[in-house]
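Report on one structure; see the data block that follows.
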């Protein structure tokens, strides 16, 4: 069983060799007071940086602990039709509740994931992914018959199909999508999308695909669920939520701890047509609501949305300029401050990752797709820090040649 677990909160595979005792902004410090530049931010959850006084004070202020205030803050960021909220202690709980509510509304069995990036640790959600690594968990245990037989995925996944839709594939994915809807739409309650496939490789989505998917869902009576737990708020740049970049209108949006700068929280946000099914649920500490409201305020006050977009472009351009012709580098991709470098194999990626950590740079690796170096720094990252990331990674990759 241990072999099938994903550990999204692991800072890095060699974390047993590191013992961080304090953090400040974008820096981590070990027991010997060695400084590390944090370009991973606990899987992107520490959105506004470590030890933010505004967020800590809000978390510790009992007078500010109100879910209603958080709902009002979120409503200002969302389309008006997304007006119903439920609170949970994690993103996975929020997404599972979204699946339950959708199945109850549609009275259909299937919940389908469009990407291989369904990373939350639960049987219900992992089994909606097409990741072969998890398939032994769901194929024989009759206790999970509902999950194993009533959750599936269409043949429209993978980097080439999603990121190159309308280019080299010449619309093949749309054909696959049409075939899928012809065969399974009458059995499908909801489809889960990730606006920027994080653990699957930060694959920049083709917007035409998602617009067409939205149209199919609307015409077929299928709920569209946007899983924003990887994107967080503001990380993809220019808009607070990833689905807003795609010009789509999901029925449900799910978020995770990043909206509270890493404090445990999950929020399911529903369209108004779920009013008869969605009752107020608060299964998380209200102090996390205060942290979330403070995080939203900090992002607005420091214009971190624009910073994420500009610095993400800067870092991506630098990575392309320095590493783009390296024979060990297959691809550099991503949106905003959610970037990934795909190396030719897992061995090169892990070697680079370890060398970078020894040089004082914390990065992530792909939990699903091998050969990945993940960069999800706090949105307060600076251009100088971005330059250091490129320099250290270039040296670490060069040592692998």
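A few points about this structure:
- Subset of region 86-102 (residues that are surrounded by fewer than 19 Cβ atoms within 10 Å (Cβ to Cβ) and touching a residue at least 60 places away in the same chain (Cβ under 8 Å)): 89
- Filter result for residue 391 (within 18 Å of the chain's Cα centre (by Cα), modelled with pLDDT of 90 or more and either assigned to a loop (DSSP other than H, G, I, E, B) or not assigned by TED's automatic domain parsing to the domain that holds residue 295 (or both)): no
- Any hit, region 305-326, residues being touching a helix residue (DSSP H, G or I) at 6+ places or on another chain (Cβ under 9 Å), assigned to a loop (DSSP other than H, G, I, E, B) and surrounded by 15 or more Cβ atoms within 10 Å (Cβ to Cβ): yes
- Answer residue from region 223-249, given it is over 16 Å from the mean Cα position of the chain (by Cα) and buried (at least 24 other Cβ atoms within 10 Å of the Cβ) and is farthest from residue 109 (Cα to Cα) among those: 224
- Any hit, region 345-357, residues being within 23 Å of the chain's Cα centre (by Cα), touching a residue at least 24 places away in the same chain (Cβ under 8 Å), under 21 Å from residue 23 (Cβ atoms) and in a loop (DSSP other than H, G, I, E, B): no
- Test: residue in region 160-182 that is under 30 Å from residue 80 (Cβ atoms), in contact with a helix residue (DSSP H, G or I) (Cβ under 7 Å, 6 or more places away or on another chain) and modelled with pLDDT of 90 or more: no
- Scanning region 263-286 for residues that are at pLDDT below 90 and under 17 Å from residue 66 (Cβ atoms) yields 280, 281, 282, 283, 284, 285, 286.
- Which numbered condition residue 83 misses (of (1) out of contact with any strand residue (DSSP E or B) (no Cβ under 8 Å at 6 or more places or on another chain); (2) surrounded by 14 or more Cβ atoms within 10 Å (Cβ to Cβ); (3) at pLDDT 90 or above; (4) within 21 Å of residue 289 (Cβ to Cβ)): (1)
- Residue in region 277-285 that is touching a residue at least 40 places away in the same chain (Cβ under 8 Å), surrounded by 18 or more Cβ atoms within 10 Å (Cβ to Cβ) and under 19 Å from the mean Cα position of the chain (by Cα) present: no
- In region 311-328, the residues that are over 18 Å from residue 352 (Cα atoms) form Cβ pairs under 6 Å with partners that are part of a loop (DSSP other than H, G, I, E, B), at six or more places apart or across chains, as follows: 311/381; 312/237; 312/336; 312/337.
The values are calculated or read from the model by the stated rules, or taken from the named source; none is laboratory data. Predicted model, so just to flag it, every value in this text is computed and none were measured. Reconstructed Cβ throughout: ideal geometry from the backbone, glycine too, with neighbour counts over all protein chains shown.
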